[in-house]
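Laboratory data are not the source of any read-out in this text; all were calculated from the coordinates shown. Treat the numbers as computed from the prediction; the structure is a model and nothing was measured. Counting neighbours? That spans all protein chains shown, and the Cβs are built from the backbone with ideal geometry, glycine included.
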Amino acid sequence: MMSTPGETGTESWPLWEVFVRANRGLSHVHVGSLHAPDSDMAVRNARDLYTRRNEGVSIWVVPADAITTSDPDAKGAYFESPAGKNYRHAVYYTKSEGVKHL
Amino acid sequence: MTSPADLSVVENEAGQALFDDLIAKDSRIEPRDWMPEAYRKTLIRQISQHAHSEIIGMQPESNWITRAPSLKRKAILMAKVQDEAGHGLYLYSAAQTLGITREEMMDQLIEGRARYSSIFNYTTPTWADMGAIGWLVDGAAICNQVPLCRASYGPYGRAMVRICKEESFHQRQGFEILLELMQGTEAQREMAQDAVNRWYWPSLMMFGPPDDQSPNSAQSMAWNIKRFSNDELRQRFVGMLVPQAEVLGVTLPDPALRFNEETGEYDMSEIDWTEFNEVLAGRGPANAERLRRRREAHENGAWVREAAHEYARKQAARAAAEVA
Amino acid sequence: MSDADIDPHGEVTVDRLALADEFAGAGAAGEGAVASADVAEYALRLGDDALVLAQQLGMWIARAPELEEDVALGNIALDLLGHARSLLHYAGTESGRSEDDLAYWRDEPDWRNAWIFEQPNGDFAHTIARQFFVATYLFELYGDLSSSTDPTLAAIAAKSMKEVDYHRDHATQWVLRLAGGTDESRRRMITAVADTWPYVDELFHDDELVERLASDGVAVLPSSLRERFDEIVDQVLAEAEIELPTGRTAFIASGGGRRGRHTEHLGPLLAEMQVLARQHPGASW
């Protein structure tokens, strides 16, 4: 299990990852990280740091050490499976070309 | 049987191959990828120096926030210096993904073990310096930074994209300060020309030593961190300045400066690298002052940072006790 | 599309934003609304409060306890500077003076800010104590003023209230952390609250001008805000386990800022702020 890169557990103000929703209808997207003593201050610092120019309508902050990532050393193998399963994609089905509403 | 030592050799070989492949394809290296130790070290050094430059770079301008000559200029300057704090934070975060903490980087800075851009060791005695910094220093910085948006290390490139977007106003506001001054009174025009005289050469030095004396450049270019050579960027910058200086009505303080039709480049006087090296060695106008001020802010804030840490600890303990 | 063309942060549309009015409320009463002498004087009071405080917070930039806090205090200072500019711009319409005429070319006795705003930054706890009291006051004030019968004041107040709400929250968070942090931070916070408290009273002084304007629904009677202010302050300080000074140690400064009488701190602050502008009379920047 790995947290996000950068979190060491040694800093007095821990690292937080920041996600911002730019507008209604969009997902929260990772924009960067910051340091804060706790979650209340983290969300405020995120507002001050990452939305100075109207970049967001909603913010998530997550302690970096609370994020579990896939094993980085196995990244090739871990994401091998989808390759070759072309039948998951619509473009795989060519015989129906020209037929409307399909 | 393979011993652990053998295994790591195998891993390193595989890692190096993948790394080389990604670089060759001009793709991006991400934090948990295998990377050569020298690549990691180079990046930590470069990104943290860049971050320190943003943070130290706040000082020569914050010097004028309280005295800005109009409320509009005060607001612009405040927003700009504040942006610089933000840019320092983005960059420290990017460096942190390489295995160094911000606390360690800050300690390196205030203990005088880290470098930052020498340009910020010059002083800002007049208001026109706010214009010259924006036009010349930020202008040079933007020339350097735009190619860095494509740096091979993902987090660095992403930080630079954000920074470049936000900085687009920094150079313009500097230009406008100078333009107002040049269209103003005799005293204002003198102030503007004097500032341009003082900042022109140091801003050209921001691109670093000439290509034939820049030992690390070749490796950084091979790693797709650096995209253009120091001299290429310097030429590009001067090429932009010349017509802008005409609009402003200021004189660039280099009598030898002229466009050479044959080479397609600007001829210019020799840069005084002795001065550059003196400032780099800590003998510039304000090296000691800049570090002292940063150290003071850090030390004066220690009790506040500890208080917030302690409060968070107590709150967490309280929450845990309530659950138990 | 190559890698380099993909914007990893999504589109930032700032460049294409229709820029908002630089002066809040300008145009709320139609083009060229001119303040009466009374309204101008009232706007001057509010504008001077905001400008003096913005000037003080500006001094923190590059000196804050942590970089994130440099950014936070910068945002607050910029908000206040925005309020000041809108208010001074409006105040100047009465006499044909610009925001800068008012900011840079008035001497100390012509300034109308209350004393609490000119009290020095001190340590971070003092700045936070001052922020906490004034932001709590301003939030209530702008809340009420946003229904002023003067459309310009109402518009300025409506915008300012939203921003001051955050200032109040920011200060409250820090009061709690400093009071409940280490022994040292607690001691400093208690000292700061005690040192700042004497200047709170002046914020709620009524006088003839506000009474006149309040009777027309233009201004807010400061005294009418006191109860709500006390309620919030009591609540936060109770959570912080800080007691307000009482008894013989409870100094209350007389105040006098609204009449142009100031403490020893305003003079140097103005001297610094105005020095360059005054070296170049008539110059534009």
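The modelled label-to-label distance between C:Gln279 and C:Asp230, using points 7 Å beyond Cα along the C-beta direction, is 5.0 nm.
Quick check: from the Cα gyration tensor, does chain A come out rounded (a/c under 1.5), prolate or oblate? The shape class here is oblate.
Please average, across the residues of C:53-64, the number of beta carbons from any other chain that are within 10 Å of each residue's own beta carbon, and give a whole number. Spell out each step's value before the answer.
Working: counts 0, 5, 3, 1, 2, 10, 3, 3, 12, 17, 10, 5.
Counting other chains' Cβ atoms within 10 Å and averaging over C:53-64 gives 6.
What does the C-alpha gyration tensor say about the overall shape of chain B? Classify as rounded when a/c is under 1.5, otherwise prolate if a/b is larger than b/c, or oblate. Mind dumping the intermediate values first?
Values: a/c = 2.25, a/b = 1.28, b/c = 1.75.
Oblate is the answer for chain B, as a/c is 1.5 or above yet b/c matches or exceeds a/b.
Close amide H partners of A:Ser58, meaning residues 5 or more places away or on another chain with modelled amide H under 5 Å apart, are A:Arg21.
Return the average number of partner chain Cβ atoms within 10 angstrom of each residue Cβ along peptide C:171-183.
Other-chain Cβ atoms within 10 Å of each residue's Cβ, averaged: 5.
Report summary: the helix-based calculation at 222 nm, which adds -39500 (n - 2.57) for every DSSP H run with n ≥ 4 and divides by the residues of the protein assembly as shown, gives -18000 deg cm²/dmol. Counting only other chain Cβ atoms within 10 Å of each residue's Cβ, the peptide C:83-91 averages 1.
Between C:Glu184 and C:Ile252, full extension at 0.36 nm per residue minus the direct alpha carbon distance yields a gain of 21.9 nm.
My understanding is that a pair violates if its Cα-Cα distance is over 27 Å; which of B:Lys72/B:Lys165; B:Lys25/B:Lys226; B:Lys165/B:Lys226; B:Lys74/B:Lys226; B:Lys80/B:Lys314 do that in this structure? Those over the limit are B:Lys74/B:Lys226; B:Lys80/B:Lys314. Panel note: the C-alpha atoms of the protein assembly as shown, placed on their principal axes, show extents of 90, 77, 66 Å (largest first). Between the alpha-carbon centres of region B:221-248 and region B:263-280 there is a gap of 14 Å. Between B:Arg318 and A:Glu97, the simple label model (points 7 Å from Cα in the Cβ direction) yields a spacing of 6.8 nm.
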